[in-house]
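Participant: The structure is given below, and queries will be raised subsequently.
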Amino acid sequence: MASKVSIVGCDDYSVSRKAVDEAVSLIGGLKDIISEGDRVLLKPNVLASRRPEEAVTTHPSIVAAMCELVKEAGGIPIIGDGSGMTHPGATADAFRVSGMEEVAKEHDVELINFQTGGYAQVEVPKAIHFPRLFISKAVLNADVVISLPKMKTHELTRYTGAVKNMFGALPLRTRKEMHLLADRKLFGEAVVDLYSVAKPHLAVMDAVVGMEGNGPSHGTPVRTGIILASYDCVSLDVIATGIMGIDPMKVPTTVAALERGFGETVPKVIGINADDVKMKYKPSSGGILFNVPPFVTKFFGRYFEMRPEIDTTRCVLCGACIMNCSVDAIERTNEHLKINREKCIMCYCCRELCPENAVGIERSWLAKIITKR
């Protein structure tokens, strides 16, 4: 039986609740995936500290709508994500500017910063590139995971949607390692390594206003006026890319997922006919990483680092960083604390939680040049 993907019209975010409810109801609702008392993680795209109208992040009205629907289904909604920016405090800033913090307060919902919430290592059966991955504990501990992506073009994967949205569950070190594969096909396979062990139960896509051009953060907002929903992220991505005028079989994450047995190439569409809302999104120009030979990207990428570093003159040895480090990377050495570079996954939890502000950032020579610019 083919996977179902619903498409519902939504011309303005003021009617998000009605549209999201209809989109989810068309595919069967929440009753089969949420039981009374389930902790339901809502995973929006909170890539960076950008305002909702810039179309970089999932609109807060979509997240608010899902909070209400999850509560009505008997679940306990939780909002969580990890920003894609490298500077400490990035996720907290992104929550505030994108409107997620306000939604959490208004609906009395827990807001989890993946960076400070911790990570746990999991085995990845039949992995192609990453047989073990550190994944956000919030994702692993949730009874139900719902992906709330934004419809956008992407300079690396051509398109980013329900599958790629789970990338935020990884610590920054792993994200960097995946990017340094420096090949679209390999990168798509790596993302599906993650998807295979962190597969959402439902995806609801914000396509009221999407992003075209140099997405995921430097493109142009474009009004599409729809909400999509599916229990299958890959099938949703297939339909979404078709609506954007992108060949699904040229999207590396979709191809890798289909090759590994996830999703459908021809899902069943319910609601609005996909052809009736089809439009041509301007593609990304490709991005600097994929406009240079892979060996160049790999070579220079290894030299871009922004690592946490303990300032021993300020540290009072309280142990807060040791207790909260997911990978036990902080060690006591001659009455000082030191971060083991090999173990560190660059989640910056130690910096976020240090009561003495004794954790700074050590930048490599390349990072100093780029961040200065």
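Participant: Which one of E177, E212, E259 is at pLDDT below 95 and over 28 Å from P77 (Cα atoms)?
Facilitator: E177
Participant: So which pairs qualify, if the first residue must be in the stretch 268-283 and under 21 Å from P216 (Cβ atoms) and at pLDDT 95 or above, the second must be crowded, with 16+ Cβ neighbours inside 10 Å and polar (S, T, N, Q), the Cβ gap must be under 6 Å, and the two must be at least 6 apart or on different chains?
Facilitator: Taking only residues 6 or more apart or on different chains, the pairs are Y281/T153.
The rows are residues; the columns are (1) open to solvent by 20 Å² or more (accessible area, probe 1.4 Å); (2) assigned to a strand (DSSP E or B); (3) modelled with pLDDT under 95; (4) touching a helix residue (DSSP H, G or I) at 6+ places or on another chain (Cβ under 9 Å).
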| position | (1), (2), (3), (4) |
| --- | --- |
| A162 | no, no, no, yes |
| L194 | no, no, no, yes |
| H218 | yes, no, yes, no |
| G225 | no, yes, no, yes |
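Participant: Further, regarding this structure: Restricting to the stretch 245-282, what's the tally of residues that are more than 20 Å from the chain's Cα centre (by Cα), part of a loop (DSSP other than H, G, I, E, B) and under 19 Å from G210 (Cα atoms)?
Facilitator: 10
Participant: Could you list, in sequence order, the residues of the stretch 121-139 that are surrounded by fewer than 16 Cβ atoms within 10 Å (Cβ to Cβ) and either under 15 Å from the mean Cα position of the chain (by Cα) or over 20 Å from L172 (Cα atoms) (or both)?
Facilitator: Residues satisfying the conditions are P125, K126.
Participant: Go through (1) part of a strand (DSSP E or B); (2) of a type in the set (K, R); (3) under 17 Å from the mean Cα position of the chain (by Cα) one by one and return the number of the condition K199 breaks.
Facilitator: So the condition that K199 fails would be (1).
Let's see how each residue does on (1) at pLDDT 85 or above; (2) within 20 Å of A138 (Cβ to Cβ); (3) of a type in the set (V, I, T); (4) in contact with a Cys (Cβ under 6 Å, 6 or more places away or on another chain):
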residue: D328; (1), (2), (3), (4): yes, yes, no, no
residue: R332; (1), (2), (3), (4): yes, no, no, no
residue: H336; (1), (2), (3), (4): yes, no, no, no
residue: M346; (1), (2), (3), (4): no, yes, no, no
residue: L353; (1), (2), (3), (4): no, yes, no, no
residue: A358; (1), (2), (3), (4): yes, no, no, yes
residue: R363; (1), (2), (3), (4): no, no, no, no
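Participant: Considering each of A142, A94, A120 in turn, give the residue that is touching a strand residue (DSSP E or B) at 6+ places or on another chain (Cβ under 8 Å) and closer than 19 Å to G75 by Cβ.
Facilitator: Among A142, A94, A120, only A142 is touching a strand residue (DSSP E or B) at 6+ places or on another chain (Cβ under 8 Å) and closer than 19 Å to G75 by Cβ.
Participant: Sticking with this one: Just for helices (runs of 4 or more DSSP H) wholly inside the stretch 1-120: which have at least 2 residues that are open to solvent by 40 Å² or more (accessible area, probe 1.4 Å) and of a type in the set (D, E)?
Facilitator: So the answer is 16-26, 60-72, 100-106.
Condition check ((1) outside any strand (DSSP E or B); (2) among the hydroxyl-bearing types (S, T, Y)) across all residues:
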{"position": "V122", "(1), (2)": "no, no"}
{"position": "K126", "(1), (2)": "yes, no"}
{"position": "H129", "(1), (2)": "yes, no"}
{"position": "I135", "(1), (2)": "no, no"}
{"position": "V139", "(1), (2)": "yes, no"}
{"position": "V145", "(1), (2)": "no, no"}
{"position": "Y159", "(1), (2)": "no, yes"}
{"position": "M166", "(1), (2)": "yes, no"}
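Participant: Give the stretch 307-352 a look and list any residue that's over 22 Å from the mean Cα position of the chain (by Cα), of a type in the set (G, A, S) and assigned to a loop (DSSP other than H, G, I, E, B), or say none.
Facilitator: Within the stretch 307-352, G319, A329 meet the criteria.
Participant: Limited to the stretch 292-323, what total is found for residues that are open to solvent by 40 Å² or more (accessible area, probe 1.4 Å), at pLDDT 85 or above and of a type outside the set (D, E)?
Facilitator: So the answer is 8.
The values are calculated or read from the model by the stated rules, or taken from the named source; none is laboratory data. If you're wondering where the values come from, they're calculated on a predicted model, not measured in any experiment. Methodologically, a virtual Cβ is constructed for each residue, glycine included, from the backbone with ideal geometry; neighbour enumeration extends over all protein chains shown. The area values use the complete protein model at the heavy-atom level, side chains included, leaving out ligands, DNA and RNA. Shrake-Rupley method; radii C 1.70, N 1.55, O 1.52, S 1.80 Å.
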